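One structure below.
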Amino acid sequence: MPLVQIKGIEGYLSLEQKQELIRRITDVVVSVEGEGVRPVTWVVVEDVSSGAWGVGGQSITTEAFRQLAAQTA
């Protein structure tokens with residue numbers, strides 16, 4: 001039974017974006033392991049509190065992550 005865990009900063013992704021991640025990640029697992037695992041493939045999207053996520057020794061808030069993502073888009 002495949003289990004994929006995705007963690008992200010709370011408030012960054014909408015429910016619809018999380019659902020799309022679940023669909024697409026499941027499709028990727030199935031493309032590697034076969035269609036038979038679709039019914040038992042678990043994808044968990046977990047939110048980490050804003051400020052409780054760290055990158056390079058610095059905590060990151062939801063707003064700071066949005067700004068970072070906008071710069072790289």
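The values are calculated or read from the model by the stated rules, or taken from the named source; none is laboratory data. Remember, it's a predicted structure, so these values are computed and weren't measured experimentally. Cβ coordinates were reconstructed from backbone atoms using ideal geometry, including for glycine residues, and neighbour counts include every protein chain displayed. Side chains included, ligands, DNA and RNA excluded: accessible areas come from the protein's heavy atoms. Shrake-Rupley method; radii C 1.70, N 1.55, O 1.52, S 1.80 Å.
In this label model, Q19 and W42 are separated by 2.2 nm, measuring between points 7 Å along each Cα→Cβ vector.
Solvent-accessible area assigned to carbon and sulfur over the chain amounts to 56 percent, based on a 1.4 Å probe. About its Cα centre, the chain has a charge dipole of approximately 60 debye under the convention of +1 per Lys or Arg Cβ and -1 per Asp or Glu Cβ, with nothing else charged. The residues of the chain have, on average, 72 Å² of accessible surface per residue, using a 1.4 Å probe with all protein chains present. Each peptide in 21-28, 34-41 receives the mean, over its residues, of other Cβ atoms within 10 Å, and ordering these scores from highest gives 21-28, 34-41. Rounded to 0.05, the FRET efficiency of the A70 and D27 pair, given R0 = 30 Å and the Cβ-Cβ distance, is 0.60.
Residues whose amide H comes within less than 5 Å of that of I60, counting only those at least five positions distant or on another chain, are G51, W53, G54, V55 (H built at 1.01 Å from N in the peptide plane). Assuming a ≥ b ≥ c are the square roots of the Cα gyration tensor eigenvalues, decide whether the chain counts as rounded (a/c under 1.5), prolate (otherwise, with a/b larger than b/c) or oblate. Prolate shape, in that a/c is at least 1.5 and a/b is the bigger ratio. Compared with the dominant Cα axis of the chain, that is its longest principal axis, helix 15-33 is turned about 40°. Against the chain, whose longest principal axis is taken from its Cα atoms, helix 62-72 shows a tilt of about 80°.
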